[in-house]
Amino acid sequence: MVDTSVSFMSSLCMGIIEEQVLIPYPAMAAEQKETLHGVIDSVKQLLGPRAEDFRKWDRAGEMPAAFVEELKQFGLFGLVIPEEFGGMGFKSASYARTLQEIAKYDASVAVTVGAHSSIGMRGLLLFGTPEQKQRYLPKLATGEMIAAFALTEAGAGSDAAALKTRAERDGDGWVLTGNKLWITNGGIADFFTVFARTGELEGKPHITAFIVTRDMPGVSVGTHEDKMGLRASSTTTVHFDGVRVPAENVLGEENKGFKVAMAILNNGRTGLGGGAIGAMKKLIEHSTKYANERKTFGKSIREYGMIKLKVGQMVVDCYATEAAVEMVAALIDGGYEDYAVEAAISKVFASEALWHTADEALQIAGGNGYMCEYPYERMIRDARINRIFEGTNEILRLFIALTAMNDVGSQLKELSSSMRGLFDDPIKGFGVLRQYALKHASLVTGIPRARSRFTLVSPELHEATTVFEELTRHLAAAVDRILRKHGRNIIGKQLASRRLANIMIDLFVLACVISRVNASLAALGAEKAAKEVDILKVFSGQVERRVKHAFGLIDINDDELIKGLADHAFDAEKFSWDNV
Amino acid sequence: MKILVALKRVADPANHNKVKIPAAGDKIDTAGLEWQINPFDLYALETALRLTEDGKAPKTRLGEVVAVTLGPAETETNLRSALATGADRAIRVDTTDDALDGRLVAAALQKLVEEEKPDLVLMGKQVVDGENNYVGQALAELLDWPMATFAATIKEEAGGLLVGREVDGGVSTLRVKFPAVVTVDLRIVAPDSVRSSKTAEGFKYPYEEVRFAPLPAIMQAKKKPLAVKKLADLVGGATLSSKYVKFEAPPARKAGVKVKDVQELVQKLATEAKAI
């Protein structure tokens, strides 16, 4: 019996390797694979011939309504909607795989589908009442209604507490007023998941999620935003001017909107990850073909070490990203309760791996890479947003580090009640950290050796598992040292939190890669899995060097100096040294 | 109209460089190959769908299309895809490629046709793996049915079909009466190549290839019937009448040369290639 209350990462921060959460590596059932083969085939036939259109629509900054209609007819808006409501009933794993496929052809199409399925209607899926589902899911499945997620405002992105949109009670309903910004699908959506203030308690706002439809009087959208990338996808402002929303359109519990928003974002993360993998695979295809054909100094550039280094790294990063995203999908689909940190890690890793891959792919193509007739500049523009939307990678790093420390604190029973609210109210929560820090060391040293080791992994991967086990001890020690060093002030120590988050990101992804390679080794044998074993060797070496470096910087670093330089520049608002 | 469409699974022709022959030369190593339905058979499926619908309303089937293949369990993926595209039922004859030759396939299909009693059997004019072009003709012979091969256009008429066949130097038009066997060529999927009696004259399909399944159809296809039959139940004790003796890869091509001008080209064609 699998214990789905275990969180791999919070255990890891205590030095415990809950290997049964990640091993065996998730495998798809035969029927699921067959369905996906059909989907992949059909998506290829739908989108494959449109390459020239996608280029044109990127330039034009819009995809034609007739094409959106084709996407609806094709059924792309029903991916995650249960079959009984007319959808495909895909869980996270199949959904991420499908978005991967779409993203190979066009990022704007992927994000149009993703904004609908990953976040636009996911609140309804997760928190909707049976009546709400009955009412909207069939229309959302056919695309008769397209969904959008409306959280961001001019003054409030990840900072949900700064929301200005308000909903006030009016008889048995609500009246909604406010303006939302950068809403993906804004211009084509009929169904909005909207977050608004519904009151406050001791200065903290209460947020509630609402289902708002385009036909409600007072809903309007602004013009199509002119963006760097994803240019053919619709991004607009959305305005609510005294919109009357019936009481039955409250989504989830009243005043629990923050929880609803977080659950949606966490649960939908594999969509973004899947899209990133698709783009990376496409970039690898472009780069390898290019390097095979391009000759300099009489030699194909594939012969050059510096080109090989780039392509080899792309392969390692893509494999690792896919391992992490598939693992997070399996955690979600497997009913794990707590996967927020792992999901956030997969988002940060995937978006940065894609960025690095796109950058290097462009570099391999040299001057051609900079030209619009080649695919690279568009793919790099399309890739850039992934590090920003659905929570910036900076915010997610803080989230990863602080949640881990919160979880670690919760393990100590006597402190748990005061620690539980750490992330909701970090300032208050950290009052107890000094006490915690004293207890932590004894706790970590008390962990039985068996629980800090991999036992389910093939001995052939012993090198990597040994590295992982050693680094896990580093992680536990890092948590301890960072808390000892900063105590209640950790919340202001973003660079220390970032350092911890980076260690956690690397370790989670490495654990996923170990699991994936372990499964391939068992299924294919040493000879056929040899290249995958090499990927693990390279990746674990890279992780080891990064983590040890980061660990070394916990106590001795230039954090204060570099922050001082920033302050100096902020005061001057310019670069201060001029030799003329 | 009831149509039986015979489909063969082939290795993706785009991956021909993955085809490997072991040193013993006794077989083709199929490991790592990607499989798909023979493109000409896909055209036959498209033809069957066009013949059983009004082109304006392709979601409504006005006849029955039964997709058939002979192969191992993995080929059910190909049958499911045919079902998703629009076929109503599927039959798989359980066997493996190396247990088959054209005669056995034709004999098995004959039995299925006798059971199913379709008005029409459709298949590709040839198969792109071995470039074989046999089963359609052999099946018509076994059934003693009228046959039209290499169909480029098909118009449904009362009780039969008017088939345009591409032949050297022009088009030969045949009128075949049901029941019949027809094998199709590439041009059968042009927008106005196939017209059922329900489709208005002058109607053109808005695409020039085969249709593909929208996603909901992929889910619905899971619920469509797929029967499995044993080869022996269809052909009894019949055995292979042709056997492969040896496989070998074609000799590697020599690298080409660049010529300066037409003169040099002509000279090389004459002296080196001995082509003129």
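The values are calculated or read from the model by the stated rules, or taken from the named source; none is laboratory data. All values reported here derive from a predicted model rather than from experimental measurement. Here Cβ is always computed from backbone atoms with ideal geometry, including for glycine, and neighbour counts include all displayed protein chains.
Answer yes or no: is there a residue in segment A:100-112 that is within 11 Å of chain B (Cβ to nearest Cβ), touching a residue at least 40 places away in the same chain (Cβ under 8 Å) and either more than 28 Å from A:P375 (Cβ to Cβ) or buried (at least 24 other Cβ atoms within 10 Å of the Cβ) (or both).
no
Would you check which residues across segment B:99-138 are closer than 13 Å to B:A44 by Cβ and of a type outside the set (A, V, I, L, M) and list them?
Passing the criteria: B:P118, B:G124, B:K125, B:Q126, B:G136.
Looking for something surrounded by fewer than 20 Cβ atoms within 10 Å (Cβ to Cβ), in contact (Cβ under 8 Å) with a residue 12 or more places away in the chain and within 14 Å of another protein chain (Cβ to nearest Cβ) - is there at least one such residue anywhere in segment A:78-85?
The first filter runs over segment A:78-85 and keeps only residues surrounded by fewer than 20 Cβ atoms within 10 Å (Cβ to Cβ), leaving A:82-85.
Filter again for in contact (Cβ under 8 Å) with a residue 12 or more places away in the chain, leaving A:82, A:85.
In the following step, the residues that additionally are within 14 Å of another protein chain (Cβ to nearest Cβ) were identified as A:82, A:85.
Yes.
What single numbered condition from (1) more than 22 Å from B:G130 (Cβ to Cβ); (2) touching a residue at least 40 places away in the same chain (Cβ under 8 Å) fails to hold for B:K223?
Only one criterion in (1) more than 22 Å from B:G130 (Cβ to Cβ); (2) touching a residue at least 40 places away in the same chain (Cβ under 8 Å) is unmet by B:K223, namely (2).
Of these, A:A523, A:A530, A:A511, A:A501, which one is under 21 Å from A:D317 (Cβ atoms) and more than 23 Å from the chain's Cα centre (by Cα)?
Just one listed residue meets the conditions, A:A530.
Considering only segment A:67-77, I want to know if a residue exists there that is β-branched (V, I, T) and within 14 Å of chain B (Cβ to nearest Cβ). Write out each step before concluding.
Our first condition is that a residue be β-branched (V, I, T); within segment A:67-77, this holds for A:68.
Imposing the further condition that a residue be within 14 Å of chain B (Cβ to nearest Cβ) reduces the set to none.
No.
Is there any pair with a first residue in segment B:172-196 that is free of Cβ contacts under 8 Å to residues at least 60 places away in the same chain and a second that is of a type in the set (F, W, Y) whose Cβ atoms are under 7 Å apart and which are 6 or more apart or on different chains, and what are they?
B:P191/B:Y205
Which residues, counting only those in segment A:13-46, are within 21 Å of the chain's Cα centre (by Cα) and farther than 25 Å from A:A522 by Cα?
Pass one, segment A:13-46, residues within 21 Å of the chain's Cα centre (by Cα): A:13, A:21-22, A:25-26.
Residue satisfying the conditions is A:C13 alone.
Give me a count of the residues in segment A:110-131 that are more than 15 Å from the chain's Cα centre (by Cα) and either of a type in the set (V, I, T) or within 14 Å of A:I183 (Cα to Cα) (or both).
Within segment A:110-131, residues that are more than 15 Å from the chain's Cα centre (by Cα) and either of a type in the set (V, I, T) or within 14 Å of A:I183 (Cα to Cα) (or both) number 6.
Which of the residues that make up segment A:154-167 are part of a strand (DSSP E or B) and surrounded by fewer than 23 Cβ atoms within 10 Å (Cβ to Cβ)?
A:A156, A:R166
Give me the residue from segment A:176-222 that is modelled with pLDDT under 95 and not in a strand (DSSP E or B) and, out of that set, surrounded by the fewest Cβ atoms within 10 Å (Cβ to Cβ).
A:E202
Inspect segment B:47-65 for any residue being surrounded by 12 or more Cβ atoms within 10 Å (Cβ to Cβ), among the acidic types (D, E), modelled with pLDDT of 95 or more and in contact with a Leu (Cβ under 8 Å, 6 or more places away or on another chain) and give the result as yes or no.
yes
Per-residue answers, yes or no, for (1) within 15 Å of A:P24 (Cα to Cα); (2) crowded, with 19+ Cβ neighbours inside 10 Å; (3) assigned by TED's automatic domain parsing to the domain that holds A:V21:
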{"site": "A:G305", "(1), (2), (3)": "no, no, yes"}
{"site": "A:E326", "(1), (2), (3)": "yes, yes, yes"}
{"site": "A:S346", "(1), (2), (3)": "no, yes, yes"}
{"site": "A:F349", "(1), (2), (3)": "no, yes, yes"}
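Residues that are within 14 Å of another protein chain (Cβ to nearest Cβ) and farther than 30 Å from B:A99 by Cβ: find the helices (runs of 4 or more DSSP H) completely inside segment B:177-276 holding 3 or more of those.
B:215-221
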